[in-house]
Amino acid sequence: MQQPLLVRILVAAASAVALLAGYLWLNAGPSTRVVAMGEPIQQDDFFYIVAGVSKAKSIGSGETVALAHGVFYVATIEVANKALRVDYRWDPSIVYVIDADGRKYQMSVEGQRALDAAHRQILIIPAGGSQSYQVAFDLPDRADHPALAFSNGILMGDLFDGAAYMKARVPLE
């Protein structure tokens, strides 16, 4: 009766140590790296390329117009699916902006709604395919040195490079 309990305790302890080691390994090294616009950022078999950014006080027109509280930054992101068999599902919420003070800004729901009304989005990218997307952010005028970043969880390929894609920052100015 004692032996199965001991085995369970040892397995639990080994699992805890492995999880801690994995966490420490993923967070080791430099906290961020600057990536130029047009340079690919790899997450497993998927590549994100920030192709450009524009700024505007409003997006859309008529009934679908969105007015910025500060200024809209509209990032154009190209996603390339280099997988051999797996489709990629685009979700604009994986993209965020972070400023020099560490403040994070998520996608603007109103701005994104206006963008999506003007352009039909294809959300599934088949293996070997690519697609371009636009994502809107409503940043305050005081945002200093905004940079685009990605956070889409950890995929199998990310284990080999410490989820480096999560540390990439693309300056928007």
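Please work out which residue is nearest to Val95 (Cα to Cα), limiting yourself to segment 116-134 and to residues that are touching a Phe, Trp or Tyr at 6+ places or on another chain (Cβ under 9 Å) and modelled with pLDDT of 95 or more. Per the criteria, the residue is Tyr133.
Restricted to segment 131-148, and to residues that are touching a residue at least 60 places away in the same chain (Cβ under 8 Å) and in contact with a helix residue (DSSP H, G or I) (Cβ under 9 Å, 6 or more places away or on another chain), which residue is farthest from Val79 (Cα to Cα)? Filtering first and then ranking leaves Asp138.
Within segment 93-111, the set of residues being at pLDDT 95 or above and either touching a Pro at 6+ places or on another chain (Cβ under 7 Å) or within 17 Å of Gln42 (Cα to Cα) (or both) comprises Val95, Tyr96, Val97, Asp99, Met107. Consider segment 57-103 and keep the residues that are of a type in the set (D, E, K, R) and under 21 Å from the mean Cα position of the chain (by Cα). The one that is nearest to Asn152 (Cα to Cα) is Asp91. Of everything in segment 37-73 that is in contact with a Leu (Cβ under 7 Å, 6 or more places away or on another chain) and within 17 Å of Ser93 (Cβ to Cβ), the residue that is modelled with the lowest pLDDT is Gln43. Checked against the criterion of being more than 17 Å from Val35 (Cβ to Cβ), free of Cβ contacts under 8 Å to residues at least 12 places away in the same chain, loosely packed, with under 14 Cβ neighbours inside 10 Å and among the small types (Gly, Ala, Ser), the candidates Gly128, Gly153 yield just one match: Gly153.
The values are calculated or read from the model by the stated rules, or taken from the named source; none is laboratory data. For clarity, every value in this text was computed on a predicted model and none was experimentally measured. Note that we place each Cβ from the backbone using ideal geometry, even for glycine, and neighbour counts take in every protein chain shown.
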